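As structure tokens, the structure follows; a few thoughts come after it.
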Amino acid sequence: MSKPQYLFIDEMSLGVAPLIVDRMIVAIRDIQAGAKMGLLVVEQVVMLALELAGRAYVLETGCIVSHGDSKDLASDPRSAIAYLGM
């Protein structure tokens, strides 16, 4: 536990004030940069997850329906409308 290789975060924004979420994002980025660890985020606030991740998988009823670079998924109009609710 003293040198973890991955950080797993599940629904970090659920029930948390936006100001605190912003502070958590800064802390997570600092941890990633300093420790050089992988990050797995499960989050329903899609833009938050895409902001933190380099690669993303979009699930629908438990099945992967889309995946790729986070920036590509965020900018793809088909993904944004169909799966990301944007």
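Since every read-out is calculated from the coordinates, none of them should be taken as a lab result. Note that this is a predicted model, so its numbers are computed, not measured. All Cβ positions, glycine included, derive from the backbone under ideal geometry; neighbour counts span all protein chains shown.
Residue under question is S66, and the condition is that it be touching a Ser or Thr at 6+ places or on another chain (Cβ under 8 Å), over 28 Å from K3 (Cα atoms) and surrounded by 11 or more Cβ atoms within 10 Å (Cβ to Cβ); does it hold? Don't jump to the end; show me each part of the working.
Values: touching a Ser or Thr at 6+ places or on another chain (Cβ under 8 Å): yes; over 28 Å from K3 (Cα atoms): yes; surrounded by 11 or more Cβ atoms within 10 Å (Cβ to Cβ): yes.
Taking the combined requirement at face value, the residue satisfies it.
Going through (1) of a type in the set (S, T, N, Q); (2) within 20 Å of G68 (Cβ to Cβ); (3) over 16 Å from the mean Cα position of the chain (by Cα) one by one, Q5 falls short only on (2).
When residues in segment 15-48 are screened for being touching a residue at least 12 places away in the same chain (Cβ under 8 Å) and either in a helix (DSSP H, G or I) or under 26 Å from S75 (Cβ atoms) (or both), 19 of them pass.
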